[in-house]
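The values are calculated or read from the model by the stated rules, or taken from the named source; none is laboratory data. None of these values were measured; they are calculated from a predicted model. Every residue, glycine among them, receives a Cβ derived from its backbone with ideal geometry; neighbour counts consider all protein chains shown.
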Amino acid sequence: MDSVFLIKSLIILGIFALSLGIAAYETYFERVIAAFIQDRVGPDRAGPFGLLQPLADAGKLFFKEDFIPTLADKWLFILGPSLAMLTALMTSAVIPFGDSILYDGHEILVQGIEVNIGILWVFGVVSLGVYGILIGGWASNNKYSLYGAIRAASQNISYELAMGLSIIAVLMMSGSLSLRTIVEEQHGMNWNVFYQPLGFIIFLTCSFAECNRTPFDLPESENELVAGYHTEYGSMKLGLFLFSEYVNMFISSAVIATLFFGGFNYPGMDWVYSALTSKMGEVTGHNLATLVGTLVFFGKIAFFIFVYMWVRWTLPRFRYDQLMDLGWKGLIPLAVVNMIITAAAELSNQPLLVNWIGLGVFIALLYAGSALMKSKKTSV
Amino acid sequence: METLETIKNLTMTQWSFYAVSVLTLFGALGTILSKNPIHSVIYLIMTFFSLSAHYVLLNAQFLAAVNIVVYAGAIMVLFLFVVMFLNIKDEAPELDNNKIVIGASIVGGTIGVILVAAIRLTESQKIDPSTYQIKTGFIETLGQLLYSKYLLPFELVSVLFLIAMSGAVMLGRKEKGERNF
Amino acid sequence: MISNLPQDFSPILVQFLLALGFVIFTIIITHVLGPRLKSKQKEDPFECGIESEGDARTPLSVRYFLIAILFVLFDVEIIFMYPWAVNFKSLGWFGFIEMLTFVAFLMAGFYYIVKKGVLDWERD
């Protein structure tokens, strides 16, 4: 038991260090990708190819003045960014990063905790992310901060609803809340995205809004709110707010890859597994196959992180009423429709076929409806 | 010396139970004792978290998750909205503190006595650990019950939500001349 | 490895302590390393260069509260759907009809909210 717990702790430590490291290098790659899209040079001074840039940024933030405004509520001002970071770092516990490690006759899962409530844990911790922003914005005693905080909170809670509804459609297919079961259901190339294209799009949009990323970065829209909820923040307290955004981006990419893109599954995994176990022996082969799966998973995560950045430098920002309209009047009804289509498809014997037919019928109805509305308007 | 012996002989479960209980009581006391309403809300969130830990100790995992999602994640956000943006500190009338303390302790004490009496009177079922179903508190069992035996209450809940929604809309109508942005 | 018992959750303590340690470490280190220069002007609330006027914590539009109340209601309804989704295959078509009724009530409330203009942000 003790050595198993030790290895588990090491796995958690590894995932923890990786999520911090990846979050740090996301800032670098964001600038590189921005530079590429806008045809600029980008960071190239700190180290070869500017690779030490994140370290330099962190060092700069550490040596800035630790500033607390006189009118601010001191403890809440410190608690805000701490909570934001804490909630961002707790989500990764339930995500299965790989299959399992065989050690000393024990099978140890590459995952923080494997529990019956997996996806609800993610959902719960994400819903707590609001507190960091809300408390930080209120404690600053600044109008911009307050307005940014209330906007961020309203945005987050609105998009959480559509997110929860789109998860339900995935749960119907797997019949379990455990993320590991959801991943194992998608063995090989049997990924959920083929059954749930609409659900995937809804979930992706909601995760953009949950991470406060462009095109939904209203809480910190600098041309109207200075810097939103972190206007009064400086030094590493500001750093924690910014850093938690990048950690959240990593985690939500991992959740998207887990729910819709098969997690650590990849086509031809059975062949790789049998080849490795026959060549390297049962234990080493199994562990190596796990490693390959984990690397594939990180590849998928990297792809989604790239999508985040690609969208950021491509789409303009929404207006606030457009954002709320999209969340409430657009995504929630769509998610309900997706749920009903999935339910009907799963109960018929041909889930893949019925899903796509249902989606096609829905789009046709939508198109016909809008055409009808248009012709009515022109006749009046 | 005897107490020391019992402390030494505590099992892991008992240790975690006592640790979580201390946290729960600390959060609950902080909620009622802190002067700033925002601090109260944060203590209350902490209390809900430790209650969730209690549910986990009882192996009611779904209930623990729902407690976090609904109470800590949704209802407390609403509380925080209301407390933060209604500016209670200006409008709170001067209250006589002593009278409140006396009244509250009488009410609280009475409820406490009633609770203790009621709990002593109920016959708790003894559960045999060897035959106990581990998955009793899990979502699968809960769903099976909710959608077969308790179907009618479940459908009535949706009617209740409908009423609550219309109530919220009625309450939230804006009056003319209010200043806000 | 999976025992379905509370001890499955014990590794979460390790992660929580790590996260807490990281946050506390960062806050303390940045407090120690940074310089401290006090000035009245600097510590006033930032308002783009002009004198700050009035209390920063002004009342906000009631729409935000309505969004929060509706969020609580919808969130609870969504939580009710989770046990259904997990037991979906064993409940079959009967469960489908059950949930259709539930969702019909939900969408009726939703339609009422939209009709009442609670979600129209461009209208004051």
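Which of the residues that make up the range A:272-300 are more than 13 Å from A:Ser100 (Cα to Cα) and small (Gly, Ala, Ser)? Selection gives A:Ser274, A:Ala275, A:Ser278, A:Gly281, A:Gly299. Pairing each residue of the range A:45-69 that is farther than 13 Å from C:Thr26 by Cβ with any residue that is assigned to a loop (DSSP other than H, G, I, E, B) and at pLDDT 85 or above, provided the two are 6+ apart or on different chains, yields C-beta distances under 7 Å for A:Ala46/A:Leu52.
Sub-8 Å Cβ pairs linking a first residue in the range C:54-80 that is over 15 Å from A:Ile150 (Cβ atoms) and at the interface with chain B (Cβ under 7 Å from one of its Cβ atoms) to a second residue that is at pLDDT below 70 and buried (at least 21 other Cβ atoms within 10 Å of the Cβ), at least 6 apart or interchain, number zero. Any residue at all in the range A:22-33 that is among the charged types (D, E, K, R), in contact (Cβ under 8 Å) with a residue 40 or more places away in the chain and in a helix (DSSP H, G or I)? Scanning the range A:22-33, I find at least one residue that is among the charged types (D, E, K, R), in contact (Cβ under 8 Å) with a residue 40 or more places away in the chain and in a helix (DSSP H, G or I), so the answer is yes.
Results for (1) crowded, with 22+ Cβ neighbours inside 10 Å; (2) free of Cβ contacts under 8 Å to residues at least 12 places away in the same chain; (3) within 9 Å of another protein chain (Cβ to nearest Cβ); (4) over 21 Å from B:Val70 (Cβ atoms), shown as yes or no for each residue.
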| position | (1), (2), (3), (4) |
| --- | --- |
| A:Tyr131 | yes, no, yes, no |
| A:Gly148 | yes, no, no, yes |
| A:Met163 | yes, no, no, no |
| A:Leu177 | yes, no, yes, no |
| A:His187 | no, no, no, yes |
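Please verify whether the range B:23-43 includes one or more residues that are out of contact with any helix residue (DSSP H, G or I) (no Cβ under 7 Å at 6 or more places or on another chain), facing another protein chain (nearest Cβ under 10 Å) and modelled with pLDDT under 85. Yes. Can you pull out the residues in the range A:1-26 that are surrounded by 18 or more Cβ atoms within 10 Å (Cβ to Cβ) and more than 12 Å from chain C (Cβ to nearest Cβ)? Listed by number, the residues that qualify are A:Ile22, A:Glu26.
Taking B:Ser158 as the residue in question, decide whether it is in a helix (DSSP H, G or I) and of a type in the set (Ser, Thr, Tyr). When the stated conditions are applied, B:Ser158 passes them. Listed here are the helices (runs of 4 or more DSSP H) enclosed by the range A:118-185 that have at least 2 residues being closer than 29 Å to A:Ser348 by Cα and β-branched (Val, Ile, Thr): A:143-174, A:179-185.
What residue, of C:Trp121, C:Trp93, C:Trp84, is in a helix (DSSP H, G or I) and under 25 Å from the mean Cα position of the chain (by Cα)? So that I can check it myself, show each step before the final result.
Numbers: C:Trp121 fails: in a helix (DSSP H, G or I); C:Trp93 fails: under 25 Å from the mean Cα position of the chain (by Cα).
Matching residue, one of C:Trp121, C:Trp93, C:Trp84: C:Trp84.
For the subset of the range A:342-380 comprising residues that are β-branched (Val, Ile, Thr) and without any contact (Cβ under 8 Å) to a residue 24 or more places away in the chain, which member is farthest from A:Trp191 (Cα to Cα)?
Going residue by residue through the range A:342-380, those that are β-branched (Val, Ile, Thr) are A:342, A:354, A:357, A:361, A:363, A:378, A:380.
Remaining after also requiring without any contact (Cβ under 8 Å) to a residue 24 or more places away in the chain: A:354, A:357, A:361, A:363, A:378, A:380.
Details: A:Val354: 16, A:Ile357: 18, A:Val361: 23, A:Ile363: 23, A:Thr378: 44, A:Val380: 48 Å.
Per the stated criteria, the residue is A:Val380.
For the range A:257-270, the condition of being in a helix (DSSP H, G or I), surrounded by fewer than 18 Cβ atoms within 10 Å (Cβ to Cβ) and modelled with pLDDT under 85 holds for at least one residue.
Scanning the range A:133-146 for residues that are at the interface with chain B (Cβ under 9 Å from one of its Cβ atoms) and of a type in the set (A, V, I, L, M) turns up A:Leu134, A:Ile135, A:Ala139, A:Leu146.
Evaluating B:Asn59 against the criteria (1) at pLDDT 80 or above; (2) in a helix (DSSP H, G or I) leaves one unmet condition, (2).
Tell me which helices (runs of 4 or more DSSP H) are completely within the range A:190-236 and hold 3 or more residues being within 14 Å of chain C (Cβ to nearest Cβ) and at pLDDT 80 or above, or say none if there are none. Quick ask: steps written out before the conclusion?
On the way: elements: A:192-195, A:197-210, A:222-225.
Fully inside the range A:190-236 and qualifying: A:197-210.
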